[in-house]
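**Student:** I have a structure here, written as structure tokens, and I will follow up with some questions on it.
Only the coordinates and a few stated rules stand behind these numbers; no lab work does. Note that this is a predicted model, so its numbers are computed, not measured. Methodologically, a virtual Cβ is constructed for each residue, glycine included, from the backbone with ideal geometry; neighbour enumeration extends over all protein chains shown.
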Ligand code: NDP
């Protein structure tokens, strides 16, 4: 079968493409610019014409994906803004929501006979709300707070809320579309909700400053040591390895039971000091961070119930030490470690 991957040049998407190709699928990737294509062609040259590209300059335009969806058997929708530079929530929300609806509308209008499933790359951003005490979240939870903060505060909302609201509203829009069109749709929708995604990158990055948001945060904190010390143990969450998440996107197509499901794909908990300590086992010259830290006393505020992922996708997820070691290795190979 042939799978359409939107935003095919992104950090996560290139791993999605790789796993799809390895599982025997053909892939049609969408990118915003022609200039994103040569690096991908080179990366996957062994697959020849099993990989092709379509340029979709503006995913928010009505009918943007009308041509791209034609003849595909499934869709992986990953394209969505993830950065902390927006001046207004709409900068994040419009491409996230309209991009998602645009893919679904084009699939219904032009590929309803061939597409069997649309997998949406959502986020735990649409699951969690910040809270002062430890809590385990599941697929039953929705981040109601970030959209409300953006509504109330507009341009004064935090960039975190702007991003989280964009993911929440985009996922809601996908589920609403599936519900409203259930009589017409011949495909189903599946949603993957990863927490922070880390691990080696295989997309095109010329220098550390141009890493995607999650990798940039890690590089700045662990390699450069620029994060304020009080955040190193107070900021905590969960993570998943990018390679595992790429595989999860393929499994979400292959496993029948994934249809109609929202699935949290999360490996384990972290705080920044845990990453620093793991990285320093491989590269002791990195800044030590908070040397008084004792992991046995760490408080992790966020946990996820991952039983659905285990049951439906059943994949092994890499742990923190392995992910950290592989990232350090790559940064060193690139010459990005002083
Ligand atoms: P990247 O920034 O590497 O990739 C984002 C992709 O989306 C790129 O292809 C980018 O295209 C495209 N894109 C961004 N904004 C727009 C826009 N306005 N119009 C069209 N395309 C756009 O990030 P990731 O790979 O990390 O993110 C991929 C997906 O995973 C996103 O949906 C993100 O929300 C989600 N996610 C990421 C997590 C993480 O920790 N990295 C955690 C949870 C979810 P271009 O290169 O042209 O800008």
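**Student:** Among the residues of the range 46-61, are any assigned to a loop (DSSP other than H, G, I, E, B), over 15 Å from the mean Cα position of the chain (by Cα) and farther than 30 Å from residue 182 by Cβ?
**Tutor:** yes
**Student:** Residue 86 passes all but one of (1) assigned to a loop (DSSP other than H, G, I, E, B); (2) more than 9 Å from the ligand (Cβ to nearest atom); (3) farther than 29 Å from residue 195 by Cβ; which number fails?
**Tutor:** Here residue 86 clears every test but (3).
**Student:** Here's something else I'd like to know. Restricting attention to helices (runs of 4 or more DSSP H) lying wholly within the range 254-338, give those where 3 or more residues are buried (at least 20 other Cβ atoms within 10 Å of the Cβ) and either free of Cβ contacts under 8 Å to residues at least 40 places away in the same chain or under 19 Å from the mean Cα position of the chain (by Cα) (or both).
**Tutor:** 320-333
**Student:** Here is a list of conditions, (1) surrounded by fewer than 19 Cβ atoms within 10 Å (Cβ to Cβ); (2) within 11 Å of the ligand (Cβ to nearest atom), and residue 71 meets all of them except one; can you say which number that is?
**Tutor:** Result: residue 71 passes all but (2).
**Student:** When residues of the range 124-145 are filtered for being out of contact with any strand residue (DSSP E or B) (no Cβ under 6 Å at 6 or more places or on another chain) and either closer than 30 Å to residue 31 by Cβ or not in a helix (DSSP H, G or I) (or both), how many remain?
**Tutor:** Of the residues in the range 124-145, 15 are out of contact with any strand residue (DSSP E or B) (no Cβ under 6 Å at 6 or more places or on another chain) and either closer than 30 Å to residue 31 by Cβ or not in a helix (DSSP H, G or I) (or both).
**Student:** If we scan the range 146-169, do we find a residue that is in contact with a strand residue (DSSP E or B) (Cβ under 7 Å, 6 or more places away or on another chain) and buried (at least 16 other Cβ atoms within 10 Å of the Cβ)?
**Tutor:** no
**Student:** Tell me, yes or no, whether the range 167-181 has at least one residue that is part of a loop (DSSP other than H, G, I, E, B) and farther than 30 Å from residue 321 by Cα.
**Tutor:** Yes, the range 167-181 contains at least one residue that is part of a loop (DSSP other than H, G, I, E, B) and farther than 30 Å from residue 321 by Cα.
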